[in-house]
Amino acid sequence: MKYRIGRFIIGAVALILAQQTHAAKILYFYDEYLGADYWSQALTARGDTVTTVTNGAAFTTQLTAGAPWDAVVVSENNYNTSSTWAAAFQSYVQAQGRAVLNDWYTNSTIDAATEAVAAAPVNQSSCTVNATGIAGGLLTGGVTNPITLTNPSGGGGWGVFSMALTPSGTAASWGAFATGSCLVFANAGRTLRLSMIPDTLPAAQASQFLQNALSAVLGAQGLAAPTNAVATAGQASATVQWTASTSPGITGYTVTSEPGGLTCTAAAPATSCTVAGLSSGTSYTFTVVASNGQALSPPSAPSNAVIPTAVAAASALPVPTLSEWAKILLVLSMLGVAGWHWRRHETDTDNG
């Protein structure tokens, strides 16, 4: 009994650590910062795999050609090019994509995508996270409330760094300015819009706050994960089967081994594939992720553990037995006699 409990505890700890160290695949778009790039600090601290773009055309391309993404971060701070990428962003969100967006520009397409209507830009000095935002984890890691905003340029010339939002549809406000919402959590928790630019956040807490914002979005329910992953060991391989995601529009699945991170893919509606290149004698489990071409589901629960076998060695040629050698020699002798008679016949014919 103690042994089983011990194995359960070890397995639970391993699962928690695996979840904590999972690197999300992030598309990060920003145009310029007058202060520090706290988003880069946050993504580095999280250990995410990040593709960074700095203009609207590249962002639009990556939203489609570079997909799928675990989440998209948009931080447009100075050059308002939203008219070039807003439609692609909206399509990404409508396809169950997850995103954190901070800006201080108005754009009706972005408003529709984030379920947040933006007012004209105004200066705001603080954003007070409400009880819903606190429950969502925005103050995790010692972020103080309210969040004080300051002009990173020192106040010279440039001063507008925020705007008020009004939630629409099913969206909820997670924080307030004096004139409206500063944080809108929408699309069943898959999008979070910050109506300020990040280099106005307090330097000591900015990275942690942005990490919290992204974690809130990544933790929301998007595409349904595949279920019932079952692995069957093979020679240096394993075949994994699963139950399909219940979300509409699924285009494919990726299976990943643990350890090793080896993968195989299957185009929907297939629900199995074989991971090759595994080490014999090593215990593996597998998780399955669904994709609709733009967004990724959470991984399935790990499969059962399997241990692949070694690749079978090529069979050697059989060694004849003594009786088989006797038969071979008899055949060779008969062939030799026949050959001698044939050669003699040819010689007699020539002499005749």
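Could you list Ser168, Ser257, Ser40, Ser195 in order of exposure, starting from the residue whose Cβ has the fewest other Cβ atoms within 10 Å? Write out the running numbers ahead of the final one.
Values: Ser168 14, Ser257 22, Ser40 19, Ser195 27.
Taking fewest neighbouring Cβ atoms as first place, the list is Ser168, Ser40, Ser257, Ser195.
With contacts defined as alpha carbon pairs under 8 Å and 6 or more residues apart, what's the relative contact order of segment 2-218 in percent? Before the final figure, lay out the partial values.
Values: 436 pairs, mean separation 47.4, N = 217.
Relative contact order for segment 2-218 comes out at 22 percent.
Work out how far the C-alpha atoms of segment 227-291 reach from end to end along every principal axis, then list the three figures in whole Å, largest first.
Per principal axis, max minus min of the Cα coordinates gives 39, 16, 16 Å.
In angstroms, what radius of gyration and Dmax does segment 64-164 have, counting Cα atoms only?
Every Cα atom of segment 64-164 included, Rg and Dmax give 15.4, 42 Å.
Compute the Rg/Rh shape ratio of segment 2-218: radius of gyration over Kirkwood radius, all on alpha-carbon atoms. Intermediate values should be presented prior to the final figure.
Details: Rg = 17.7 Å, Rh = 17.7 Å.
Dividing the radius of gyration by the Kirkwood radius yields 1.00.
Taking every alpha carbon pair in segment 172-274, what does the distance histogram look like in 5 angstrom bins from 0, in percent?
For segment 172-274, the binned pair fractions read 2, 10, 15, 15, 12, 10, 10, 10, 8, 5, 2, 1, 0 percent.
When only Cα pairs under 8 Å and 6 or more residues apart are kept, what is the percent relative contact order across segment 225-272? Each step should come with its number before you reach the end.
Numbers: 66 pairs, mean separation 15.1, N = 48.
Computed over segment 225-272, the figure is 32 percent.
Each value in this text was obtained by applying a stated rule to the coordinates, not by laboratory testing. Predicted model, so just to flag it, every value in this text is computed and none were measured. As a convention, Cβ positions derive from the backbone with ideal geometry for all residues, glycine included, and neighbour counts pool all protein chains shown.
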